[in-house]
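Before any comments, here is the structure.
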Amino acid sequence: MCTQCGIGTPPVQIGTSKEAAYDELALIWNRRVEYRPTDQHELASIARRQLTPVDIPMLLDAIARNAMDWETRGPIFAAMAAQLSRPASPAAAEVPMATVLEDAGRYRKLVRLAKVIYVDGRPWIRFEPLDAFDAELVEGEENAFARMDVFVARAVDALEPQLD
């Protein structure tokens, strides 16, 4: 029995190998018609994402597997569907001026760290490795490593003050 969804299979003898038993169970498991129901945690993680048209199959699957609490979950599904149906706004691509200025300051720090080296007579720009220890995540930021720009910005911000 699966501990996550509660769906079980009939017992299967482990004959010659464990893998053969798993293969037999897989044939039974993949024919099931009762899929794992959408739970509250899965729904919350989908709702926190910025949905794009690529996410339509995932959302439709979550709606199809939802078997309870339509009064509460229905408006959440509706809001996610509305987000998917809206065209992307060109204004969403604009970056606030404060962010542009912060990034410009980081760029200047990095330029000060740059060194020109010559390899086979050809100039290359090299940056010394930056210590990213101070860029580590704070509790509650489970997805910040996926945002490389945030991680790199924190590492650059943590550089020694004399580089400012």
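Rule-based calculations on the coordinates, nothing more; no lab input. This structure is a prediction, so every number in the text was calculated from the model and none was measured. As a convention, Cβ positions derive from the backbone with ideal geometry for all residues, glycine included, and neighbour counts pool all protein chains shown.
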SER45 and LEU27 label points (each 7 Å along its Cα→Cβ direction) are spaced in nm at 3.2
Ranked on Cβ counts within 10 Å of their own Cβ, fewest leading, PHE151, PHE127 go PHE127, PHE151
Give the Rg (one decimal place) followed by the Dmax (whole number) of the range 56-122, computed from C-alpha coordinates and expressed in Å. 23.8, 70
